[in-house]
Amino acid sequence: MQRRTFKTALGFALTLAALSVPQLATAQAWPSKQPIKLVAVFPPGGSVDQVARIIAQPLQQLLGQTVIVENRGGASGVIGTAAVVQAPADGYTFAVVFDTHGVNPSLNPNMPFDSKKDLIPLVLVGTSPMVLATHVNSEYKTFADVLAAAKANKNVSFGSIGNGSLGHLAMALLAKDARVEWTHVPYKGGGPMMSDAIAGHVPLSIGSVFVTKPHIDSGRMRPLAVTSSKRAADLPNVPTIAENGYPGFDAPAWWAVLASAKTPPEIVKRMNEELNKVLKNPEVAKKLDAQGIDVTGGTVAQASTFIDKQVTIWAKVVKDNNIKAD
């Protein structure tokens, strides 16, 4: 009986060892097999594309392997992220995502993947305030003017980069806190929204520093408030919404790099280490700062905690306001 038990245990151990060999071999050979792909889950020209391209070159130098950026836009990042989940989990395909990743689970109950179970964050690249702005000739000179108009039951409307976008949700949260109503005008991206905003066709816009600041610098838009808990380094004279009587209000845009949850742990660890080196590179930090992004970095656990919190916060806003995807 003891001999049979020993043989059974030995057989089980050998089977486990055999199963682990391919994964170990993959991790040891990585990244020599093929080029690494960063899937930017939005079209070329936007902030996700820019972030992916800023980190690709220095990452390539650190890993000694070609790193290419592939744009897979659509469905607020769902299509590109799904492609990464469906790709082999061998450390050669990663997703560069935007803050919509934290909103999509509550907006789209039929997503082709589970954001929490099927993906693991490698690093939180950084965050950026969103800016509530108005045309330079607008009647709104301050954020207080906007609130006063809304409280007087005037039709205050604002544009965002899309229905269910973080800007839309931030304004919905603010409306509830301030006990006011305003009209949302969704656009299909930051370009169309800002075109209408600088032409005065929509009185207010809410978008990232990346989208809004060039038009502030040109003198065509006036910033009224930022959505982060602290003032933006790029817009030091613009007050936060929290300073305007809503303490604790914090709705930053953010960017992260994700991997399939099935990626070997050794590769996840190495990628986290290399990405943090990239983010500490002064040239990279300078380029991200030029996009209005405050570099974060940190551990896998820290990125997971941040993203999980974002999912929880915005799921409640979506539910409370009955917000639906386009």
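Working only within the range 174-190, note down all residues that are over 23 Å from residue 229 (Cβ atoms) and free of Cβ contacts under 8 Å to residues at least 60 places away in the same chain.
Once the filter is applied, which keeps residues that are over 23 Å from residue 229 (Cβ atoms) and free of Cβ contacts under 8 Å to residues at least 60 places away in the same chain, the range 174-190 yields 181, 183, 184, 185, 187, 188.
Please go through the range 215-229 and pick out each residue that is touching a residue at least 40 places away in the same chain (Cβ under 8 Å) and under 19 Å from the mean Cα position of the chain (by Cα).
Passing the criteria: 226, 227, 228.
For the range 54-91: of the residues being within 21 Å of the chain's Cα centre (by Cα) and among the hydroxyl-bearing types (Ser, Thr, Tyr), which is nearest to residue 258 (Cα to Cα)?
81
Quick one: in the range 241-265, of everything that is without any contact (Cβ under 8 Å) to a residue 40 or more places away in the chain and under 21 Å from the mean Cα position of the chain (by Cα), which residue is surrounded by the most Cβ atoms within 10 Å (Cβ to Cβ)?
250
What residue, among those in the range 178-195 that are in contact with a helix residue (DSSP H, G or I) (Cβ under 7 Å, 6 or more places away or on another chain) and assigned to a loop (DSSP other than H, G, I, E, B), is surrounded by the fewest Cβ atoms within 10 Å (Cβ to Cβ)?
Once the filter is applied, the top-ranked residue is 181.
Given 263, 296, which one is within 30 Å of residue 174 (Cβ to Cβ) and assigned by TED's automatic domain parsing to the domain that holds residue 47?
296
Quick check on this structure: which one of 252, 282, 265 is at pLDDT below 95 and either in contact with a Gly (Cβ under 6 Å, 6 or more places away or on another chain) or not charged (D, E, K, R) (or both)?
252
In the range 218-234, what residues are modelled with pLDDT under 95 and surrounded by fewer than 19 Cβ atoms within 10 Å (Cβ to Cβ)?
Listed by number, the residues that qualify are 229, 230, 231, 233.
Which of the helices (runs of 4 or more DSSP H) found entirely inside the range 47-152 contain at least 2 residues meeting this: assigned by TED's automatic domain parsing to the domain that holds residue 290 and surrounded by 15 or more Cβ atoms within 10 Å (Cβ to Cβ)?
47-63, 78-86, 100-107
Give just the number: which of (1) among the hydrophobic types (A, V, I, L, M, F, W, C); (2) over 17 Å from the mean Cα position of the chain (by Cα); (3) not assigned by TED's automatic domain parsing to the domain that holds residue 166 does residue 233 not satisfy?
For residue 233, the failing item is (3).
The values are calculated or read from the model by the stated rules, or taken from the named source; none is laboratory data. Small disclaimer: the values here were computed from a predicted structure and weren't measured. Every residue, glycine among them, receives a Cβ derived from its backbone with ideal geometry; neighbour counts consider all protein chains shown.
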